[in-house]
Amino acid sequence: MAAVDVGGPSPRGKKTGGLRRPKKRLGIRIDMTPMVDIAFLLLIFYMVTTIFSLPQAMEINLPPEDQPVPIAESNLFTLRVDSEGKMYWNMGVEKPEPMPADSLRPILLRKNQEKPKLVTLIKISKDAKYYKMIDIVDDIQLVEKQMKEKNPNFSYRFSFAPYTDEDEGLITGKLQPKGGK
Amino acid sequence: MLKRMKRRIGIKIDMTPMVDIAFLLLIFYMSTTQFKPPEKKSVALPASHSDIKLPEKDILNITVTKDDSIAVDYVDRKEVEIQGKKERVLERIYEDVNLNTLAGTILSIRAKYPGIFVVIKADREAHYGTIQALMTTMRDNHMPRFQLVTEIKAGS
């Protein structure tokens, strides 16, 4: 099986015409089983430890805080995530509405198509999980990609803002949205 | 016994091609493998569709674990004299920080390595408050650009 046959008496054992008689070679059989075993062990080791998919990255570019950008109320889309991870959205100073599951991307896309100057303000509760933020930014980036197909100059404007007690009050309905803020 | 035992035929399988393939695979894996940098703390990454590749070197990792503890790690280049010759030695340095000491630690590392990329590797179950505080610290220290490490999410 896994063995090499080195030399051995050749079928034509006649001498080849030289003066010296060729030495009679011994048939050497090397058992390759242990080597193959080790090779397979190494192979398994490398197959298990190798990483094919390097983790991907998401780039965040925070705007400087000391330059307030005036935004028209009608162009403001506010997205709130409460401590339990429930999402609420509203335009301008409307009352926050609960966001049905998996509908963030369609809503963002629709609103962006309606209002090209839309700015999304993201307010996430401190007690929410971090992946909520990644999911939102991911959806924003996908919407941006989709919008860019039609308008190559499109750039999604979004920002993070602290989640305050006022936001909590608006979500629970204890506070009514104030106009003209 | 009524039936007579069948005589077995000695079967010889030539394993040479299999071994050849095994060695080819072995060489392939040996040459392509990249080892994960050792992690002091395990982190379950969140998933996203983002396809930006992480830079391979000059990274300053900020790790946030599930229980909101923060650690910083980076590769330090040191020149060490070995037998009269100056040799470059790479060493990964881990530092446990908290939200108060984070800014100072990052600034001192950036002073040493100005072109270092800041990469935030946070557990998906970490609290957003920690990340928010981290981002605020970054912005206040004039580092508004950084990357969040995610895993690739399948599907659309």
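The values are calculated or read from the model by the stated rules, or taken from the named source; none is laboratory data. Since the model is a prediction, treat every value here as computed from it, not as a measurement. Quick reminder, even Gly has a Cβ in these numbers, built from the backbone with ideal geometry, and neighbours come from all protein chains shown.
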- Message: Exactly one condition in (1) within 25 Å of B:Lys66 (Cβ to Cβ); (2) more than 8 Å from chain A (Cβ to nearest Cβ) is false for B:Leu148; which is it?
- Response: (2)
- Query: Looking at (1) in contact with a strand residue (DSSP E or B) (Cβ under 8 Å, 6 or more places away or on another chain); (2) at pLDDT below 75; (3) of a type in the set (A, V, I, L, M), which is the one condition that is false for A:Ile30?
  - Reply: (2)
- Starting from residues that are over 15 Å from B:Thr105 (Cα atoms) and touching a Phe, Trp or Tyr at 6+ places or on another chain (Cβ under 8 Å), keep the ones in segment B:48-63 and report whichever is modelled with the highest pLDDT. B:Asp58
- Of all residues in segment A:72-102 being hydrophobic (A, V, I, L, M, F, W, C) and assigned to a strand (DSSP E or B), which is surrounded by the most Cβ atoms within 10 Å (Cβ to Cβ)? A:Val81
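Given the structure, is A:Asp167 of a type in the set (D, E, K, R), within 14 Å of chain B (Cβ to nearest Cβ) and surrounded by fewer than 16 Cβ atoms within 10 Å (Cβ to Cβ)?
Values: of a type in the set (D, E, K, R): yes; within 14 Å of chain B (Cβ to nearest Cβ): yes; surrounded by fewer than 16 Cβ atoms within 10 Å (Cβ to Cβ): no.
Taking the combined requirement at face value, the residue does not satisfy it.
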- Message: Report every pair of residues separated by at least 6 positions or lying on different chains whose Cβ atoms are under 7 Å apart, first residue within segment B:40-52 and more than 13 Å from A:Met133 (Cα to Cα) and more than 7 Å from chain A (Cβ to nearest Cβ), second part of a loop (DSSP other than H, G, I, E, B) and of a type in the set (S, T, N, Q).
- Response: B:Lys41/B:Thr65; B:Val43/B:Thr65
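Away from chain A (no Cβ under 14 Å) and on the phi < 0 side of the Ramachandran plot, is that true of B:Lys86?
On the way: away from chain A (no Cβ under 14 Å): yes; on the phi < 0 side of the Ramachandran plot: yes.
So B:Lys86 fits the description; yes.
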- The number of residues in segment B:124-137 that are surrounded by 20 or more Cβ atoms within 10 Å (Cβ to Cβ), at the interface with chain A (Cβ under 7 Å from one of its Cβ atoms) and touching a residue at least 12 places away in the same chain (Cβ under 8 Å) is 3
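For residues that are in a loop (DSSP other than H, G, I, E, B) and within 26 Å of B:Lys78 (Cα to Cα), scanning just segment B:113-123, find the one that is nearest to the other protein chains (Cβ to nearest Cβ).
Looking at the filtered set, the residue picked out is B:Ile116.
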- Item | Subset of segment A:138-181 [in contact with a Leu (Cβ under 8 Å, 6 or more places away or on another chain) and closer than 18 Å to B:Thr136 by Cα] | A:Phe158, A:Ser159, A:Phe160, A:Ala161
- What number of residues within segment B:15-34 are more than 7 Å from chain A (Cβ to nearest Cβ) and either in a loop (DSSP other than H, G, I, E, B) or in contact (Cβ under 8 Å) with a residue 12 or more places away in the chain (or both)? 0
- Query: Which of (1) of a type outside the set (Ser, Thr, Tyr); (2) without any contact (Cβ under 8 Å) to a residue 40 or more places away in the chain; (3) outside any loop (DSSP other than H, G, I, E, B); (4) surrounded by 14 or more Cβ atoms within 10 Å (Cβ to Cβ) is the odd one out, the single condition B:Glu79 does not satisfy?
  - Reply: (4)
- Query: Within the group B:Leu102, B:Leu90, B:Leu107, which residue is among the aliphatic types (A, V, I, L, M), crowded, with 17+ Cβ neighbours inside 10 Å and either out of contact with any Cys (no Cβ under 8 Å at 6 or more places or on another chain) or touching a residue at least 40 places away in the same chain (Cβ under 8 Å) (or both)?
  - Reply: B:Leu102
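Within segment A:138-165, which residues are in a loop (DSSP other than H, G, I, E, B) and touching a residue at least 60 places away in the same chain (Cβ under 8 Å)?
First, the residues of segment A:138-165 that are in a loop (DSSP other than H, G, I, E, B): A:151-156, A:163-164.
Result: A:Tyr163, single match.
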